[in-house]
1. Find the strands (runs of 3 or more DSSP E) located wholly in region 31-90 whose residues include 2 or more that are under 11 Å from the mean Cα position of the chain (by Cα), and list them.
2. So the check is Cβ under 8 Å with 6+ separation or different chains; which pairs have a first residue in region 2-28 that's without any contact (Cβ under 8 Å) to a residue 40 or more places away in the chain and a second one that's of a type in the set (Asp, Glu)?
3. Here are some conditions: (1) at pLDDT 90 or above; (2) hydrophobic (A, V, I, L, M, F, W, C); (3) over 30 Å from ALA24 (Cα atoms). ALA133 meets all but one. Which one does it not meet?
Amino acid sequence: MVRVREWDNDGAVTTLRVDARTHAVKLSRVDRFLLRGLAPDTHYDVVLRDTAESARTRGFDGGPVGRVLGLYGAGEGPETASGLLTLLEVGRPLRLRGATWLQLAFPDDHLADNTGSLVLEVSPVAAPGTSPAPPPGPHAPAPTR
């Protein structure tokens, strides 16, 4: 159930029922990127980077893409195994572990005006049986005393 409260209409509330079976988006193979072959006992840092021609889903005037929908899990792939959903932000590392595959997509209703590209960096940060260092950048946990 989704409740929407309108600020300029005396706080009127509209309640909507969203049925996942009816409104789910099923991505075709050409509308997504799937990386297989990750080792489930290895920790990885995954980072999206801009390129000289940033990815855009609404043409040049639409502004660059800052986030990409990610799904990752263990097993053969998203067709046969459940996964964890996440948002990957450009320039912000995401630490993965326990995954054998990673799927990325831009949920978009009009693919014809998409332009540009992003670079995906997937780097192992800890071998099996070792502890990884915290992810780099401003999102690393604060040191404890």
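1. Those strands (runs of 3 or more DSSP E) span 43-50, 67-73, 84-89.
2. Going by the 8 Å Cβ cut-off, the qualifying pairs are ALA12/GLU6; VAL13/GLU6; THR14/GLU6.
3. (1)
The values are calculated or read from the model by the stated rules, or taken from the named source; none is laboratory data. Given the structure is predicted, the values throughout are model-derived calculations rather than measurements. Glycine also receives a Cβ, built like all others from the backbone with ideal geometry; neighbour counts cover every protein chain displayed.
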